[in-house]
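Asker: There's a structure below that I have some questions on.
The values are calculated or read from the model by the stated rules, or taken from the named source; none is laboratory data. Computed from a predicted structure; not experimentally measured. Quick reminder, even Gly has a Cβ in these numbers, built from the backbone with ideal geometry, and neighbours come from all protein chains shown. The area values use the complete protein model at the heavy-atom level, side chains included, leaving out ligands, DNA and RNA. Shrake-Rupley method; radii C 1.70, N 1.55, O 1.52, S 1.80 Å.
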Amino acid sequence: MKPEIKMVAVDVDGTFVRSDYTYDIPRFKRILSQMKDFGCHFVVASGNQYYQLRDLFPGYYDELSFVAENGAFVKDRKELVFTANMPKETVDFVIDVCREYPEVLNVLCGVNSAYCERGTVSQDFFDLTGIYYHRLQWVENFKEVKDQILKFAPIVPEEKTYEYYDIFRERLHGKVEPTTSGHGSIDLIVPGCHKASGLKRLVERWDITPEQCATKCKRRGKVRLPFQ
C-alpha cells in the first residue's frame, strides 16, 4: 500500500504559476482546504524571496509553509523555523571578489530585505529586480548593510553563466556554493543550505517520512525528495 501523502512541495517559476505569475486562486483554495482536512501540508519551495512568494497568496499565506531563498529562509505557516546567517567575513570576501568583475550585477539578500548598491547597478536594473524582490532597498555600500545575510544573487551576461559559475566555484570554494538555473542568474548560498535542506527541516518538524512527500519542479516533475 502506498504511504499517505502528508506534504506537497512545489517550485514557483515555470511550475506553480503561469508566466505572468497568476494561477487559478479559487481552484487552489478548494484544493488547499481538502489538503488541510487530510492533514497534508502545502510548501512553496523556491529560490525567490519570501516576501515575493508570500504576495502570491494574499490573505492566506499564513496557512502555507515556505522554503525561500534556496532554503535559507524556512517558515511553517506563522512560525519562522530557520534563517541562514552568512558570516560577516564571508560576506565581505564575496563582495570583494564580485567587485573584480564589473559586469557582475549583484543583489545582496537579507532576512529583512534585499539590497542593490548605488553606483554599481542602474535604476533600470533596480526596477527590474524589484519585480522579484518585493522588499528591495538602495544602499551606498554592501559592507555597511545591517541585516542577517542569507545569500547573494548576482546576474551575469547570459552567455557567460557557466563561465562565472566556474569562477565562483573556484574562487569562493569553502565559503559559499554557486547554484544556477541558467539565463545569467546565479545564487551564492551558504554551503549545505539549499531547497532540499529546507524541506528536510519541515519533514523532521512534522515527523513525517520522505515517502509521505511529493514534490513538483519544472525540470523533473514529481520526484522523490533528494535528502532520502
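Asker: Those residues that are among the charged types (D, E, K, R), in contact with a helix residue (DSSP H, G or I) (Cβ under 7 Å, 6 or more places away or on another chain) and farther than 24 Å from Pro87 by Cβ, I need them from segment 168-219; list them, please.
Answerer: The answer is Lys216, Lys218.
Asker: Still on this model: Hey, can you tell me all the residues within segment 46-87 that are of a type in the set (Asp, Glu) and under 14 Å from the mean Cα position of the chain (by Cα)?
Answerer: Selection gives Glu69 alone.
Asker: Go through segment 98-141 and give me each residue that's over 22 Å from the mean Cα position of the chain (by Cα) and touching a residue at least 24 places away in the same chain (Cβ under 8 Å).
Answerer: Result: Tyr101, Glu103, Asn141.
Asker: List pairs: first in segment 55-66 and over 11 Å from Ile25 (Cα atoms) and free of Cβ contacts under 8 Å to residues at least 40 places away in the same chain, second open to solvent by less than 60 Å² (accessible area, probe 1.4 Å) and not hydrophobic (A, V, I, L, M, F, W, C), Cβ under 6 Å, 6+ apart or cross-chain?
Answerer: Tyr61/Arg54; Phe66/Tyr50; Phe66/Lys75
Asker: Do you know which residues across segment 157-182 are open to solvent by less than 10 Å² (accessible area, probe 1.4 Å), aliphatic (A, V, I, L, M) and more than 18 Å from the chain's Cα centre (by Cα)?
Answerer: Answer for segment 157-182, where residues must be open to solvent by less than 10 Å² (accessible area, probe 1.4 Å), aliphatic (A, V, I, L, M) and more than 18 Å from the chain's Cα centre (by Cα): just Leu172.
Asker: Sticking with this one: Given the conditions (1) surrounded by fewer than 20 Cβ atoms within 10 Å (Cβ to Cβ); (2) out of contact with any strand residue (DSSP E or B) (no Cβ under 7 Å at 6 or more places or on another chain); (3) on the phi > 0 side of the Ramachandran plot, report the number of the one that Glu103 does not fulfil.
Answerer: Of (1) surrounded by fewer than 20 Cβ atoms within 10 Å (Cβ to Cβ); (2) out of contact with any strand residue (DSSP E or B) (no Cβ under 7 Å at 6 or more places or on another chain); (3) on the phi > 0 side of the Ramachandran plot, only one is false for Glu103: (3).
Yes/no per residue for (1) over 24 Å from Arg201 (Cα atoms); (2) among the acidic types (Asp, Glu):
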| residue | (1), (2) |
| --- | --- |
| Thr22 | yes, no |
| Ile25 | yes, no |
| Arg30 | yes, no |
| Val44 | no, no |
| Asn48 | no, no |
| Asp62 | no, yes |
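Asker: Only one of Gly71, Gly14, Gly47 is on the phi > 0 side of the Ramachandran plot and surrounded by 19 or more Cβ atoms within 10 Å (Cβ to Cβ); which?
Answerer: Gly71
Asker: Please determine whether any residue of segment 22-44 is aliphatic (A, V, I, L, M), buried (at least 17 other Cβ atoms within 10 Å of the Cβ), within 20 Å of Arg135 (Cα to Cα) and at pLDDT 95 or above.
Answerer: Taking every residue of segment 22-44 in turn, at least one turns out to be aliphatic (A, V, I, L, M), buried (at least 17 other Cβ atoms within 10 Å of the Cβ), within 20 Å of Arg135 (Cα to Cα) and at pLDDT 95 or above.
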